[in-house]
Amino acid sequence: MPPGAAAGVLLAGVELARGQRLAAGPLDRAAGALPGPLPGRRGGAVVRLRGPRGGDREASRQGRLGAPRLRRRQRLGRGPRRGPPGALPLAGLGADGQQLGASEAAQNPCGRGLLAHGGAGAGADAAAARAAPALALPGGGGAVAIGPQCPGRGGGGRARRGGLHRAHPRRQLQNHAATLHASRGRRHRGIAGLDGGRRRWRRPRRGGGFAVDRPRCGGNNGIPPITMSDGPQGFWDDRHPATTTAWPSGLTMAASWDEDAVLEWGKGMGKEFYAKGSNVQLGPGLCLARIPRNGRNFEYLSGEDPYLGYRLAQPAIRGIQSQKVVANAKHWVMNNQETARDSVSEEVDERTRYEMYYPPFEGAIEAGVGSFMCSYNKINGIWSCENPETLKHDLKEVLGFKGYVMSDWGATHSTSIMAGLDNEQASADWMDDELISAELAAGVTTQAAVDDSVTRILWSMFSVGVMDEPVSTWDFFNLTKNVTSDVASDSARHLSAISTVLLKNDGDILPLPQGKRLAVIGKADDKAIVHAGGSGSVVPSFVPWPLDGVRGAAGQGATVQFNDGSDTEAAAKLAQAADYTIVFIGCLSAEGSDRDDLSIGDEDLVVAIAKASSKVIVVASVPGAVLMPWSKDVAAILTNFMPGQQAGNAIADVLFGKVNPSAKLPLTFPNVENETKLTPEQWPGVPDVSQPFYAFYAEKLLVGYRYYDAHGLTFDTGFPFGHGLSYTTFAYSDLSVRKSIHGAGMLVQFKVSNTGKVAGSEVAQLYLAFPSIAGEPPLQLKGFKKTESLKPGETVQVELELRTRDLSIYDATAHRWTPVAGTFRANVGASSRDIRLRGDFLYEGATSVYV
């Protein structure tokens, strides 16, 4: 925003990373200008324009100010260029937003004026205004003042092309309301940041890192830079490889069903972000696994259940932000497919949004998350990052989110402050300073909205302690540090092990005895799968391969022979001669595309080995739901999803019994492809599945196991949601349900006993059946708890609270949650299909609430 181009900017010398700026947006849909979801429409009152980077863009037909939108330098006149070659000009405007004369410009070496609002600096001359050092948060129309700003230049950003991150030309980035200059890394997975003091300009190298852009004059009033980096499962720094920990993925941690473990995961990641100089972690990912083939399911902490995501999002956020790093909940919202993610409109009703897709993000809000990232897709015909219904109304007003919303990289399509967007990443195509100034002058964007955006950014920084640290904490040179440690490595090993799901264990073949002849086959060497691709990947500090882990744990007298599986006949012969055979298989997925199918791809190898030996254990490292048509043919199956850099040691800990598995599936493993009968209209969309424009959520609430229950599907070669075995056994008893003393909800109590021979933990699960009048799925997860490690014969009392919200449905007519009165059934057990206790209870309802 040019200095003084609009009154009421909030900060003195504040600078945000990578093109962050505070945005405004049209309210066309709220005003009824856009029609409802109609196949074949072009999005209502919009036209297709060619954007600054040559790609298709959508803009208002007449623009926000009654004239067609222009490319950045065509919108409003700019002065001559300043700064490094190629930088867009910043000089020439004074505190009142008018062009400076020669004498005034000479007194303004930074080329920036002061923005003032209210009494402090309002109407003051440019020189007096530039001298104002004050910083005040808005309140009751109070005054705010801005210190001098300097021209800057950032690095090139990231453009999305077929799921790849490719650099586009370097572009000057300017933030509006906070007089924010911004810079960004050549690729978004690096950090980008600004602070006051001496200007430093460097061109980022290919492959991550960050560009720092500093004003040539001081006066940032102590506001530190915002420095951000990917990703949702560790710090991505491929410019300095092996200097951070590749933690288990979000989906892997979801399999733990362990809030303490997720808290440890968040703290571990946050600590490394802090040490690298990053005060914003672009994660965790919280989207629901609506589509089993979604290429990013491995990143997401929710699995296929909204309640699971709601519970696990909270410790993840608390863990990250306990390290003075702002967490970023992404991607808001309905970002449930990678196919055509930057063009498809997710057509979904209000009840489905609130009951299925909002709860994980609500958990993040309850934990105090500082930032959200809006997604590429449209929701009901309007881009997510300019959707007033989902951003401003649902997220900020109804759910009560206090932080700020940034766009995904290149996901901004208009100047959208009024719609709820606070910050554009990673360029200034739409959140342009002149355009915002003109909109303020025209009354299209309000000063209050601008101040609100700035306040939200500051709130996130204050709330987690970013402001408490010396500015040097966020210095560019911290990126070069090796921030790994033995503590982090041990934690990654522990978390990976306790998140490994034991799917099958016929004849108690596991844990393996030591001192035996072992055949290790498949992806157990340097082809082992650790992480998937895209912004969720991390370069490991080191990787002990599964073969190394097995050799280290096999014990004295053991022999371990390896075959990579490329020669199936030789591998089968090796299995015949062994006491036990461990087959490592797996597949990958990545951001930018959905998977072709649910096949792992090693079926022939597994079948051949199973014919050669009856003692075969399969370890599957997978990015989400997969098919296991051979599951009946092998003795044991483990899945560790995307296990992180300690994959080898962690799986060895489980195979040999050092860790007793307690993890549960966070999503369904189907028997066959497309078992939930998704039509092309549902996914990938219509009218052309190769380039869909609309994806209809016709299944509504029946996602994942809810569909299986509603249609009476059974499992043959697949495995149900919540399933996971242990090396011991557990019994459930003494179920009771009574009114809670903590509110208007209910308290469910029961006992869990270890009836086996070794110590172990159990994840007890509560599935609620609503009265039929509610129109809900047959069963819904509404509670779970992982017990402490129980010794053989030990019993523990488990208590699960049912909130009023858990006993409510979303009423789309009244636009609120409404408790349901009637007879409910509590189903308690070890999985969605292993119910051990059932009990009916009458709930009399309560006043309609939003909890």
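The values are calculated or read from the model by the stated rules, or taken from the named source; none is laboratory data. Here the structure is a predicted model, which means the values were calculated and not measured. Cβ placement follows ideal geometry from the backbone for every residue including glycine, while neighbour counts extend to all protein chains displayed. Just the protein is used for accessible areas: all its heavy atoms, side chains included, with ligands, DNA and RNA removed. Shrake-Rupley method; radii C 1.70, N 1.55, O 1.52, S 1.80 Å.
The table below gives the values:
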quantity: Residues of the range 753-767 satisfying the condition of being closer than 13 Å to S662 by Cβ and more than 34 Å from the chain's Cα centre (by Cα); calculated: N754, G756, V758, A759
quantity: Pair list, Cβ < 6 Å and 6+ apart or interchain, from the range 822-837 residues that are under 16 Å from F669 (Cα atoms) to residues that are open to solvent by 20 Å² or more (accessible area, probe 1.4 Å) and outside any strand (DSSP E or B); calculated: S831/H723
quantity: Scope the range 413-431; condition modelled with pLDDT of 95 or more and among the small types (G, A, S); matching residues; calculated: A419, G420
quantity: Residues of the range 497-514 classified as open to solvent by 50 Å² or more (accessible area, probe 1.4 Å) and either within 25 Å of the chain's Cα centre (by Cα) or acidic (D, E) (or both), total; calculated: 2
quantity: Residues that are open to solvent by 40 Å² or more (accessible area, probe 1.4 Å) and within 26 Å of S489 (Cα to Cα), drawn from the range 517-538; calculated: K523, D526, K527
quantity: Cross-chain or 6+ apart pairs with Cβ under 6 Å, the range 425-437 first and open to solvent by 10 Å² or more (accessible area, probe 1.4 Å), then in a helix (DSSP H, G or I); calculated: E434/R75; L435/R75
quantity: Pair list, Cβ < 6 Å and 6+ apart or interchain, from the range 777-792 residues that are closer than 18 Å to E259 by Cβ to residues that are assigned to a strand (DSSP E or B) and of a type in the set (G, A, S); calculated: K785/A764
quantity: Any hit, the range 690-713, residues being open to solvent by 50 Å² or more (accessible area, probe 1.4 Å) and β-branched (V, I, T); calculated: no
quantity: Filter result for P232 (within 30 Å of L702 (Cβ to Cβ), in a loop (DSSP other than H, G, I, E, B), open to solvent by less than 10 Å² (accessible area, probe 1.4 Å) and not charged (D, E, K, R)); calculated: yes
quantity: Failed item in (1) open to solvent by 10 Å² or more (accessible area, probe 1.4 Å); (2) touching a strand residue (DSSP E or B) at 6+ places or on another chain (Cβ under 6 Å); (3) among the charged types (D, E, K, R), with R293 passing the rest; calculated: (2)
quantity: Count - residues of the range 662-673 that are open to solvent by 20 Å² or more (accessible area, probe 1.4 Å) and either small (G, A, S) or free of Cβ contacts under 8 Å to residues at least 12 places away in the same chain (or both); calculated: 0
quantity: Any hit, the range 784-794, residues being out of contact with any helix residue (DSSP H, G or I) (no Cβ under 9 Å at 6 or more places or on another chain) and open to solvent by less than 10 Å² (accessible area, probe 1.4 Å); calculated: yes
quantity: The range 806-835: number of residues that are open to solvent by 20 Å² or more (accessible area, probe 1.4 Å) and closer than 21 Å to A764 by Cβ; calculated: 4
quantity: Verdict on R341 being over 26 Å from G295 (Cβ atoms), open to solvent by 10 Å² or more (accessible area, probe 1.4 Å), out of contact with any helix residue (DSSP H, G or I) (no Cβ under 6 Å at 6 or more places or on another chain) and of a type in the set (K, R); calculated: no
quantity: Given (1) open to solvent by less than 30 Å² (accessible area, probe 1.4 Å); (2) closer than 18 Å to V622 by Cα, number of the condition V543 does not satisfy; calculated: (1)
quantity: Hits in the range 464-496 - residues which are open to solvent by 60 Å² or more (accessible area, probe 1.4 Å) and either part of a loop (DSSP other than H, G, I, E, B) or of a type in the set (G, A, S) (or both); calculated: P470, S472, K481, N482
quantity: All positions within the range 525-554 that are closer than 17 Å to K615 by Cβ and not in a helix (DSSP H, G or I); calculated: A554
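Table: residues versus (1) assigned to a loop (DSSP other than H, G, I, E, B); (2) open to solvent by 10 Å² or more (accessible area, probe 1.4 Å); (3) in contact with a Lys or Arg (Cβ under 9 Å, 6 or more places away or on another chain); (4) at pLDDT below 95.
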| site | (1), (2), (3), (4) |
| --- | --- |
| P224 | yes, no, no, yes |
| W236 | yes, yes, yes, yes |
| T245 | yes, no, no, no |
| P248 | yes, no, no, no |
| M253 | no, no, no, no |
| W257 | yes, no, yes, no |
| W265 | no, no, no, no |
